[in-house]
Amino acid sequence: MVDTPVSRAPRTGAVGRAGLPRHEVPTHFDDGAGDYDRLVGMNPGYHDHLRASAARMRLPHDGAGLRLLDAGCGTGASTAALLGVAPRAEIVGVDASAGMLERARTKPWPGSVRFVHTTAEAMEGVEGPFDAILAAYLLRNLDDPDAQLRRFRELLRPGGTLALHEYSVADSPRARAVWHAVSWGVIIPLGRAATGETALYRHLWRSVNSFDGVGRLRDRMRAAGFDAVHSETMTGWQNGVVHTVLGTRP
Ligand SMILES: C[S@@+](CC[C@H](N)C(=O)[O-])C[C@H]1O[C@@H](n2cnc3c(N)ncnc32)[C@H](O)[C@@H]1O
């Protein structure tokens, strides 16, 4: 396991129209790390949908000989999804939150899985090429998604796959209404009850509201040099709300 220093951003905790200042997000995840698994465990479909995105990458065989990157791996929920579809692959999980990684590292992993403390922007201690990259609930939390997509492209081998797993509601009035209802009916009250804080959960609501529609996200992928770009959504309340956006490095 590699631990490179990532400076802890001072927190203003100011949740603006687009959510928290992006450089503060990992620090808020540090604070929320202890409750993260319990809270996402209450979200029906959370783990199934991560597994669906991992399966949509259509990785060959059981992953033997493959190198996979889980960008923004958090407590390892998305890492476990990758491991489920490619149990023999080498998997590198990276995250800028030391607190989230500490939780990830307490879980039982095979020796082929390692975690690196670094920002997705710096990728310190992480070397490509990778056969596939999964970025689950990461891109929306970055200042410059286009630069990050180009970085991902450079980290992939030719023919390698990028899967973004994200909330995206801007293209659908129905999805926006569902997101509003779930955020204010469930996510924010539950977050407050569990942690006594709401900044991270209001950030989630706001950052999704201000994030790309799925069409724009596909366009960004193409502009960053990905081929065969397409998206699929999920079942349950997340239908039309959570999407996998996939593309291939030519
Ligand atoms: C909502 S969590 C998702 C965790 C995991 N992928 C999952 O599906 O459960 C988002 C993660 O992105 C991380 N993150 C946010 N900004 C980041 C950045 N610039 N570089 C690396 N990780 C970042 C956070 O620390 C957090 O662990």
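Here are some notes:
- Accessible surface of the stretch 159-250, 1.4 Å probe, proportion on carbon and sulfur as whole %: 54 percent
- Length gained when the stretch Ala55-Ala223 is fully extended (0.36 nm per residue, less Cα-Cα span): 58.0 nm
- Remark: the Thr235-His180 segment gains 18.0 nm on full extension, using 0.36 nm per residue and subtracting the alpha carbon distance.
- Relative frequency of Cα-Cα separations exceeding 23 Å in the stretch 22-248, percent: 43 percent
- What the phi angles of the stretch 73-87 give under the Karplus curve with 6.51, -1.76 and 1.60, with θ = phi - 60°, is a coupling list of 6, x, 7, x, 4, 6, 4, 5, 5, 5, 4, x, 8, 9, x Hz, glycine and proline written as x.
- Whole-Hz ³J(HN,Hα) from phi, Karplus 6.51 cos²θ - 1.76 cosθ + 1.60, for the stretch 226-243, glycine and proline x: 9, 9, 6, 6, 7, 9, 9, 9, 10, 9, x, 5, 7, 4, x, 10, 10, 9
- Cα-centre dipole for the chain with unit charges at Cβ (Lys and Arg positive, Asp and Glu negative), debye to 20: 460 debye
- Normalised contact order of the chain, rounded percent, pairs of Cα under 8 Å and 6 or more residues apart: 22 percent
- Length gained on full extension, Lys107 to Ala147, computed as 0.36 nm times the residue gap minus the Cα-Cα distance: 11.2 nm.
- Efficiency of FRET between Ala64 and Arg17 - r from beta-carbon atoms, R0 35 angstrom, step 0.05: 0.15
The values are calculated or read from the model by the stated rules, or taken from the named source; none is laboratory data. Computed from a predicted model, the values in this text were never measured in an experiment. Reconstructed Cβ throughout: ideal geometry from the backbone, glycine too, with neighbour counts over all protein chains shown. When the accessible area is computed, the model is the full protein with side chains, heavy atoms only, and any ligands, DNA or RNA have been set aside. Shrake-Rupley method; radii C 1.70, N 1.55, O 1.52, S 1.80 Å.
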